[in-house]
Amino acid sequence: MGTLVDFARRPRVLRRPAARIGLVPALVVAIVLATAVAGLAWWGDHRAEQRDTAVRQALATAPAAAKAIFSYDYRTFDDSVANGRSFATGSFGKEYEQTTAALKQTAAKQQAVVAAEVSATGVVTATTDRVELLVYLNQFRRNVNTAGEKVDQNRVVLTLVPVDGEWKVAKATAI
């Protein structure tokens, strides 16, 4: 009878290692999933940091860019335009050149001086390679046809993109 008891116990002993072998694939799957989740979390955090850096850089560039693009002085018109052009890129740069070329004669005739100042900026949308900013822009203008100085309060959405390590205006939309 002692032999029968030993046989009855043996299958139970053999089942335990088989159960442990089934845990190994489950542990491997759990480790792989945990690693994938951690990797995705790291990647998301990394991309968020890159986006935040892009926003900071675009916000730092926007006031000077807006001031240069939306200001001019008839006495130094070509220098004003060259300064504005240095902040523009792509099709907006070409559009800026065409617009200012058409404006040059009128600015000289009216002795127009326009000084733009940014009063506030805010982020509309942002990715690592494109930032749209809402810019509150006041333009102080004077010319021979106006008494004193007039102020135009404008709101412009500037789209900035990185070009050779610098943020440039790729689009300007008045709203």
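Miscellaneous remarks
- Each residue in the range 132-165 was checked for being under 15 Å from Gly93 (Cα atoms) and not β-branched (Val, Ile, Thr), and 3 pass.
- In the range 150-164, the count of residues that are of a type in the set (D, E, K, R), closer than 28 Å to Leu59 by Cα and in contact with a helix residue (DSSP H, G or I) (Cβ under 8 Å, 6 or more places away or on another chain) is zero.
A quick yes/no check of all residues on (1) over 15 Å from Thr159 (Cβ atoms); (2) not hydroxyl-bearing (Ser, Thr, Tyr):
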residue: Gly44; (1), (2): yes, yes
residue: Arg56; (1), (2): yes, yes
residue: Leu59; (1), (2): no, yes
residue: Arg75; (1), (2): yes, yes
residue: Ser80; (1), (2): yes, no
residue: Phe92; (1), (2): no, yes
residue: Gln105; (1), (2): yes, yes
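- Residue in the range 75-92 that is nearest to Leu103 (Cα to Cα), counting only those that are of a type in the set (Phe, Trp, Tyr) and either in contact (Cβ under 8 Å) with a residue 40 or more places away in the chain or not in a helix (DSSP H, G or I) (or both): Phe92
- Exactly one residue out of Val163, Val157, Val118 is touching a residue at least 60 places away in the same chain (Cβ under 8 Å) and either hydroxyl-bearing (Ser, Thr, Tyr) or within 18 Å of Val55 (Cα to Cα) (or both), and it is Val163.
- Of everything listed in (1) assigned to a strand (DSSP E or B); (2) in contact with an Asp or Glu (Cβ under 7 Å, 6 or more places away or on another chain), the single unmet condition for Val114 is (2).
- Sole exception among (1) under 21 Å from the mean Cα position of the chain (by Cα); (2) surrounded by 15 or more Cβ atoms within 10 Å (Cβ to Cβ); (3) over 30 Å from Asp45 (Cβ atoms) for Gly90, by number: (2)
- Test result for Ala107, touching a Ser or Thr at 6+ places or on another chain (Cβ under 8 Å), buried (at least 18 other Cβ atoms within 10 Å of the Cβ) and over 20 Å from Ala60 (Cβ atoms): no
- Of all residues in the range 103-153, those satisfying the criterion of being of a type outside the set (Val, Ile, Thr) and under 30 Å from His46 (Cα atoms) are Ala120, Gly122, Ala126, Asp129, Arg130, Glu132, Leu133, Leu134.
Per-residue answers, yes or no, for (1) closer than 17 Å to Arg130 by Cα; (2) surrounded by 18 or more Cβ atoms within 10 Å (Cβ to Cβ); (3) in contact with a strand residue (DSSP E or B) (Cβ under 7 Å, 6 or more places away or on another chain); (4) at pLDDT 85 or above:
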| site | (1), (2), (3), (4) |
| --- | --- |
| Ala26 | no, no, no, no |
| Ala30 | no, no, no, yes |
| Val37 | no, no, no, yes |
| Asp45 | no, no, no, no |
| Thr53 | yes, no, no, yes |
| Ala58 | yes, yes, yes, yes |
| Ala68 | no, yes, no, yes |
| Ser71 | no, yes, yes, yes |
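- Of the set (1) in a helix (DSSP H, G or I); (2) in contact with a helix residue (DSSP H, G or I) (Cβ under 9 Å, 6 or more places away or on another chain); (3) surrounded by fewer than 17 Cβ atoms within 10 Å (Cβ to Cβ), all apply to Gln98 but (2).
The values are calculated or read from the model by the stated rules, or taken from the named source; none is laboratory data. Small disclaimer: the values here were computed from a predicted structure and weren't measured. For neighbour counting, all protein chains shown are included, and Cβ atoms are generated from backbone atoms with ideal geometry for every residue, glycine included.
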